[in-house]
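Notes for the one structure printed next.
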Amino acid sequence: EEVLGVDANLGMLEVLEGQLDAGLERMGATARAGRAAGYGSIGVTTFRNAALFAVRGLRYEQARIFLAEGQAYAETIEQSHCAHMMSALSSMVDWAGADWDGAASTARQTIADQTDGRAVAMADTTLGFVAMGRGDLSEAERELTIALDAGEASGWLEMILPPLWGLAETAVLEGDPVRAIGLVRDAFERARAVHEVALLA
């Protein structure tokens, strides 16, 4: 189990170092090996992280595969924490795939469950993106501000940069380029400080 844990970490490091495909492949193999060996924590956590990193790297089809396997596995071992994270991620993948009704429905269910602040932040981000795409800019602003506040509280950059992007895009649509530029500069400086590349895209 410890060896698989190291493999999972190596996969994440590969992704962070820019070897996205190799890292995701390692993480997927590790998650499946953990599931086959009955190591529930390693298996479901690695499926969750693999999906998270796939979304981060815009590999949405790979994310769908990891989510399908991970959510099914989480259900069999009754692991709710990762299940809720994967639910929030599913809403983001649905948004990216233009299934906005599905994205909003899944995001609202995640928020209703309210078991993990990071999952709720991701779900609020999805709702903000959907509202922005549909032209409901006041709702987009509201949801994305909630998501950003939650992201700030968590300290996780991957929970901060997406709502910042959404708020910047909303500002552009509202005809406020000065505010948009300020948000973009804020996001850029945060990303540059920790050498974040994938989310900067």
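The values are calculated or read from the model by the stated rules, or taken from the named source; none is laboratory data. Worth saying up front: this structure is predicted, and the values here are computed from it rather than measured. Ideal geometry is used to build each Cβ from the backbone, glycine not excepted, and the neighbour counts take in all protein chains shown. Each accessible area value is taken on the protein alone, full model and side chains, heavy atoms only, with ligands, DNA and RNA left out. Shrake-Rupley method; radii C 1.70, N 1.55, O 1.52, S 1.80 Å.
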- Determine whether Leu24 is of a type in the set (A, V, I, L, M) and farther than 18 Å from Asp94 by Cβ. yes
- Query: Any residue at all in the range 94-106 that is open to solvent by 70 Å² or more (accessible area, probe 1.4 Å), assigned to a helix (DSSP H, G or I) and either of a type in the set (Asp, Glu) or in contact with a helix residue (DSSP H, G or I) (Cβ under 7 Å, 6 or more places away or on another chain) (or both)?
  - Reply: yes
- Conditions (1) open to solvent by 60 Å² or more (accessible area, probe 1.4 Å); (2) closer than 21 Å to Asn49 by Cβ; number of the one not met by Leu157: (1)
- Message: Need the failing condition index for Glu78 against (1) in contact with a Pro (Cβ under 9 Å, 6 or more places away or on another chain); (2) on the phi > 0 side of the Ramachandran plot; (3) acidic (Asp, Glu), just the number.
- Response: (1)
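Here's the yes/no breakdown for (1) outside any helix (DSSP H, G or I); (2) over 20 Å from the mean Cα position of the chain (by Cα); (3) closer than 25 Å to Glu78 by Cα:
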residue: Val3; (1), (2), (3): no, yes, yes
residue: Asp7; (1), (2), (3): no, yes, yes
residue: Asp21; (1), (2), (3): no, no, no
residue: Leu24; (1), (2), (3): no, no, yes
residue: Ala36; (1), (2), (3): no, yes, yes
residue: Ser41; (1), (2), (3): no, no, yes
residue: Val55; (1), (2), (3): no, no, yes
- Query: For Ser138, all conditions in the list (1) polar (S, T, N, Q); (2) at pLDDT 95 or above; (3) open to solvent by less than 10 Å² (accessible area, probe 1.4 Å) hold save one; what is the number of the exception?
  - Reply: (3)
- Item | Near pairs, Cβ below 6 angstrom, 6+ apart or cross-chain, from the range 83-106 (on the phi < 0 side of the Ramachandran plot) to any residue that is of a type in the set (Val, Ile, Thr) and not in a helix (DSSP H, G or I) | His84/Thr115
- Within the range 75-86, restricting attention to residues that are assigned to a helix (DSSP H, G or I) and open to solvent by 20 Å² or more (accessible area, probe 1.4 Å), which residue is modelled with the lowest pLDDT? Ser80
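Condition check ((1) surrounded by fewer than 24 Cβ atoms within 10 Å (Cβ to Cβ); (2) not small (Gly, Ala, Ser)) across all residues:
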site	(1), (2)
Gly34	no, no
Thr45	yes, yes
Phe53	no, yes
Gly57	yes, no
Phe66	no, yes
Gly70	no, no
Tyr73	yes, yes
